[in-house]
2 protein chains.
Amino acid sequence: MPNQGVAFDQIFQALADPTRRAMVERLTRGPASVSDLAKPFPMSLPAVVQHLQVLELAGLVRSEKIGRVRTCRLEPDGLRRAEGWIAAQRTAWEGPLDRLGEFLAAGADDSAHADQQKGPAS
Amino acid sequence: MPNQGVAFDQIFQALADPTRRAMVERLTRGPASVSDLAKPFPMSLPAVVQHLQVLELAGLVRSEKIGRVRTCRLEPDGLRRAEGWIAAQRTAWEGPLDRLGEFLAAGADDSAHADQQKGPAS
DNA sequence: CGGACGGTCAAGCGATCGCTTAAGTATCGG
DNA sequence: CCGATACTTAAGCGATCGCTTGACCGTCCG
């Protein structure tokens with residue numbers, strides 16, 4: 001069972017490769033076999049399988065072999081984990097008060113007006 | 001300046017390293033100088049700067065040198081781009097098919113008949 | 001049965017990654 | 001002006017990455 005507590009290292013590393021991202025995009029449109037998944041790419045089949053293993057180890061994809069065909073499908077939990085981490089960082093920065101801190105740190109000289117119309121309260 | 005249309009490759013690659021993610025987390029709590037940013041880590045200063053360059057090239061961090069101090073701050077746009085891509089894939093998977101597609105593919109053996117019970121969508 | 005199909009295993013190779021040390025360059029403090 | 005501070009640059013080294021080729025195994029079809 002592809003561990004659910006996979007490290008972010010593996011998730012982001014998996015997503016860092018364009019081939020692997022293209023595979024994920026392909027899999028959002030439905031499950032696919034290995035060779036089916038390999039067709040768009042100009043590389044050998046073992047290379048594709050290696051990418052697939054990276055995705056699987058990261059918990060982004062699950063695959064099951066029936067007969068001689070391995071069928072791969074997306075595992076949205078991995079994606080959700082990555083999205084959650086990013087959102088946490090982004091909101092930690094945008095949330096409390098820090099945009100102002102940035103402004104102050106940049107130019108503490110002419111603080112005549114401190115009300116920029118930024119921040120559409122997302 | 002680091003282009004805003006930076007490739008996802010660089011963004012996810014930058015996020016794939018635990019040291020770099022820790023730096024991002026640190027920067028959500030406010031701007032920091034290079035050596036300040038380096039303090040929590042058991043590595044040499046040049047190593048930290050190299051990580052910083054990766055983050056900056058990915059458009060996740062911006063830095064400005066004043067006097068002999070380089071001050072780094074978070075660039076939320078990069079984070080938002082990454083989050084957007086992930087969300088797009090996740091919703092592309094979860095949206096149109098619901099979970100039914102996944103369920104059918106897992107339990108059913110072929111596409112000839114699709115008359116299993118339907119509507120377990122939560 | 002025999003061959004094609006779908007995938008797997010193993011070795012290896014060049015490129016990149018993360019990190020190091022050593023030796024700079026600029027600024028600031030006294 | 002001199003030393004300390006805050007990086008910066010460059011070279012190098014072992015480990016990992018992405019990909020290849022070649023051999024192999026199990027499954028389906030005629």
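For this structure, a couple of remarks:
- Within region A:31-46, residues that are near DNA strand D (Cβ under 7 Å from one of its atoms) have Cβ atoms under 8 Å from residues that are open to solvent by less than 70 Å² (accessible area, probe 1.4 Å) in these pairs: A:Met43/A:Thr19, counting only partners at least 6 apart in sequence or on another chain.
- Only residues that are under 18 Å from A:Arg81 (Cα atoms) and either away from DNA strand C (no atom under 12 Å from the Cβ) or touching a Leu at 6+ places or on another chain (Cβ under 8 Å) (or both) were counted across region B:17-55, and they come to 4.
- Of all residues in region A:56-68, those being within 11 Å of DNA strand C (Cβ to nearest atom) and either farther than 16 Å from A:Gln13 by Cα or part of a strand (DSSP E or B) (or both) number 6.
- Flag for B:Leu45 being open to solvent by less than 50 Å² (accessible area, probe 1.4 Å) and away from every other protein chain (no Cβ under 13 Å): no
The values are calculated or read from the model by the stated rules, or taken from the named source; none is laboratory data. Source: prediction; values computed, not measured. Please note: Cβ atoms are built from the backbone with ideal geometry, for glycine as well, and neighbour counts cover all protein chains shown. Just the protein is used for accessible areas: all its heavy atoms, side chains included, with ligands, DNA and RNA removed. Shrake-Rupley method; radii C 1.70, N 1.55, O 1.52, S 1.80 Å.
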